[in-house]
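Any read-out appearing in this document is the output of simple, stated calculations on the displayed coordinates, not a laboratory observation. All of these numbers come straight from a predicted model, not from anything done at the bench. With ideal geometry, Cβ positions are generated from the backbone for all residues, glycine too; neighbour counts draw on all protein chains shown.
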Amino acid sequence: MDIRSQMSMVFHLDKCIGCHTCTVACKNIWTDREGAEYMWWNNVETKPGTGYPTKWEDQEIYKGGWEKHSSGNIALKGAGKRKGLLNIFYNPALPTIDDYYEPFTYKYLDLIESPQQDVQPVARPVSLITGKPIDIKMGPNWDDDLSGTPDFARKDPNLANLSAAEQEAMFQLERMAFFYLPRICNHCLNPACVASCPSGAIYKRGEDGVVLIDQSVCRGWRMCVTACPYKKTYYNWSTGKSEKCLLCFPRIEVGEAPACMHSCVGRIRYLGVMLYDADKIEQVASSDEKDLIQNQIDMYLDPHDPEVIAAAKANGIADSTLRAAQNSPIYKFVKEWKIALPLHAEFRTLPNLFYVPPMLPVMAMVGEQKGDSPKLHSVAKNWDDKWLYDTSLDEIFGTIENMRFPLKYMANLFGAGNEDLLADKLKKLMAIRIYRRHVTVGDISAEKSAAALADVNLTADEAEAIYKMTSLPKFNERFVIPAAHREQALEMLEATEEVKGNTGFGFTEPPVRGL
Amino acid sequence: MDILLFGAFPYVAIVVFFIGTIWRYQTGFKYSSLSSQFLETKKLFLSSVPFHVGILVILTGHFIGFLFPSWFTSAGGDGIISFETITLAFGLSAIAGLIFLMIRRFQNERIMTVTTKMDILIEFVLLVQFGLGIWIAVELRWGSQWYAAVMVPYLRSIFTLDPNISAVSAMPIAVQLHVIGAFLFILLIPFTRLVHFLVAPFHYITRPYQIVRWYWDKKAIRDTDTPWTTTRPKHL
């Protein structure tokens, strides 16, 4: 047993309002500079939608992640030792700037310096690459909230295995719905970017599992951009180096939450330590697709177990890190309550960012009334036409199978295709709502609420704890960050006097091309 | 003049190359392939691949001749013809790729914004060098024979610090220019993106896929019997 600690995350999608405050916080700190304008280390996507870069989930296009061969071994889909070195002069699966968008600004000065004339002056858009005027074809988050439009929602790769009828049903005007999917680097346990880097510039930090790119070792072979199935490594076209989310490690080392999490308006983000057995990484990543998620979750260890504690201490994990692991909100969501799932586990990178799937599409369910079929419940609103809008709670379990989003769609995102797994999580979330409705509103009987909880194997105490962690968590309950123990790791960063005066991303010399 | 060009210049180029590459390395940040594929990918395949494959094969050929000249001088008639034909094909591939690369560079505004003066200089140096090489291969037959017999002793004499200028000053002007071009190329390496071939990632073949860096010796640091290390970790 080789126990390591890992900074892990949970994003609670029911709470995300899609305000992009996280994105702006990240952009302002890290990527507001030449070559990085198009990089969104944190971004928020509208689902169904194509995401960023366009259709990133479609690995037939981007060749990211790992795939399992018939031999039972896993290999990188679009990179690796053989493919990476053979394609080093030309990487056929490299996304280009047009798969993202050409960064632009406007000639604002034209508005001010325009001479007096009969027509209004305009600020033309100019490319931030060439500086020349361009016609903007795409911009950051232009697909925001555009569910149902042919250009974005209907091209969502997660719709691929849905029947035409199911897809059509999703996009009928009355049934249309969307939710937000905030994404950052998953700081995977089996990172494809690390494995793909010919230079060995990308590495996982042993102490906290943050995955970083060493800028002084990166040679711009650009295989990581292909290999990351989440497209969270970005190529800086100006410095000729790749860059990625660094989980704000200068902040977490001093116990601060990362900028995106700290600034989150909906307070959807949780950060904490998970202990895992590093000996099992390869075995778990090679599991059969149906067992992938469960095996990954089983890989994380109980920080209260004396055996685990002893093994962790023997491995050099500090007491403060162990204490953080015991109070980790991630452990609660993923292991105790079992309501959070990784995104696209089928890419086999063992991501450490878990999502509580959104309930919204289930709650406000619209069904087509067939003939004289009775309403599900007396509170259901019957519209004048044939549509039935049902927000009742009584039969809500029955509606999970009939939710506005086909369960298969959600399972493609969060369940590696396993619909039962998703139904299980959604039922749990629903049972907690029924329970809380019983407590606060009282129109649901105690028996009914107890039955709902029993049905999903939750006690009232657990339901209360989940409710509190979801709705009322304090700052230090959402972020349980152990100290980095600089006093024992004197060289964790460069000697501080050497980097004094450096700002932002922290280049120790000016990022200029060539000479 | 010949002493200056063939006796002194090679040493200037080699010294500048060593000092320059070390000076440029320092933190390692200035070493990159500076790939522009991210800005333009369609035209790159038909230019970058023939260029790289061509130049690598030709350079390897020159290098093998330098190390084992007897392989060339002892080869028979048919062997020389087929060998020279094949290497000429790679030479043509390299120059065609280079021309495509230059067209791509000058036609694309995005590529031009990430182009430095040194990029353009080195491309023209390479163009002249490739052109001379192909002209020599076609007109001054059989190159592999006299290269092994005449040029290799000259090149070797440079490394024994006793440059044998008489051999090279008797050669045709095209060959002399090709020699000067070769040392100019070596001289320019530290000042251009050419440094990327010095850090070609061969170590990738043998390394394990996953890399974990520890900032302290994870086991020793907890051991109260050993004092904490004050030396910097290996990678810094």
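Here are some notes:
- FRET efficiency, 1/(1 + (r/R0)^6) with R0 60 Å, evaluated for B:Ile103 and A:Arg437 via beta carbons: 0.30
- Computed FRET value (nearest 0.05) for A:Ser163 with B:Lys43, which takes r as the C-beta separation and R₀ as 25 Å: 0.05
- Estimated inter-spin distance, A:Thr105 and B:Lys117, nm [label 7 Å along Cα→Cβ]: 2.6
- Legend: calculated FRET efficiency, B:Arg156 to B:Leu127, from the Cβ-Cβ distance at R0 = 41 Å, rounded to 0.05, equals 0.90.
- Gain on full extension, evaluated as 0.36 nm per residue between A:Thr459 and A:Glu289 minus their Cα-Cα distance, stands at 58.1 nm.
- Cα gyration tensor shape for the protein assembly as shown, rounded if a/c is under 1.5, else prolate or oblate: prolate
- Built amide H within the under 5 Å cut-off of A:Glu45, gap 5+: A:Leu181, A:Arg183
- Here the label points at B:Phe63 and A:Glu447, each 7 Å from Cα along the C-beta direction, are separated by 8.5 nm in the simple model.
- Its Cα centre serving as origin, chain B has a Cβ charge dipole (Lys and Arg +1, Asp and Glu -1) of approximately 1040 debye.
- Links that overshoot a 32 Å alpha carbon limit, given the list A:Lys132/B:Lys42; A:Lys68/A:Lys474; A:Lys244/A:Lys280; A:Lys137/A:Lys241; A:Lys290/A:Lys428; A:Lys83/A:Lys290: A:Lys68/A:Lys474
- Extension gain for the segment A:Gln120 to A:Met138, taken as residue separation times 0.36 nm less the Cα-Cα distance, is 4.0 nm to one decimal.
- Note on the stretch A:303-359: Rg/Rh from Cα positions, Kirkwood definition for Rh, rounded to two decimals, is 1.06.
- For the protein assembly as shown, a crude dipole built from +1 on the beta carbon of Lys and Arg and -1 on the beta carbon of Asp and Glu, taken about the Cα centre, is about 1200 debye to the nearest 20.
- Amide H contacts under 5 Å for A:Tyr106, placed H, 5+ residues apart: A:Val126
- Each eigenvalue of the Cα gyration tensor of the stretch A:170-323, multiplied by 5 and square-rooted, gives one semi-axis; in descending order these are 27, 24, 19 Å.
- Taking the Cα atoms of the stretch B:1-87, the ratio Rg/Rh between the radius of gyration and the Kirkwood radius comes to 1.10.
- With a 10 Å cut-off around each Cβ of B:195-201, the average count of Cβ atoms from other chains is 4.
- Furthest towards positive pole of dipole, B:Phe68, B:His178, B:Ser32, structure part the stretch B:2-201, Cβ charges: B:Ser32
- Taking 0.36 nm per residue of sequence separation and removing the Cα-Cα distance, the B:Leu56/B:Trp23 pair yields an extension gain of 9.3 nm.
- DSSP H segments from chain B that extend 24 Å or more along their own axis, Cα-based, with Kyte-Doolittle mean of 0.0 or above: B:45-67, B:77-107, B:117-139
- Per-residue Karplus couplings for the stretch A:9-14, computed as 6.51 cos²θ - 1.76 cosθ + 1.60 with θ equal to phi - 60°, are listed in order as 9, 10, 10, 8, 5, 5 Hz, Gly and Pro entered as x.
- Of the three principal axes defined by the Cα atoms of the stretch B:2-201, the extents in descending order read 48, 38, 30 Å.
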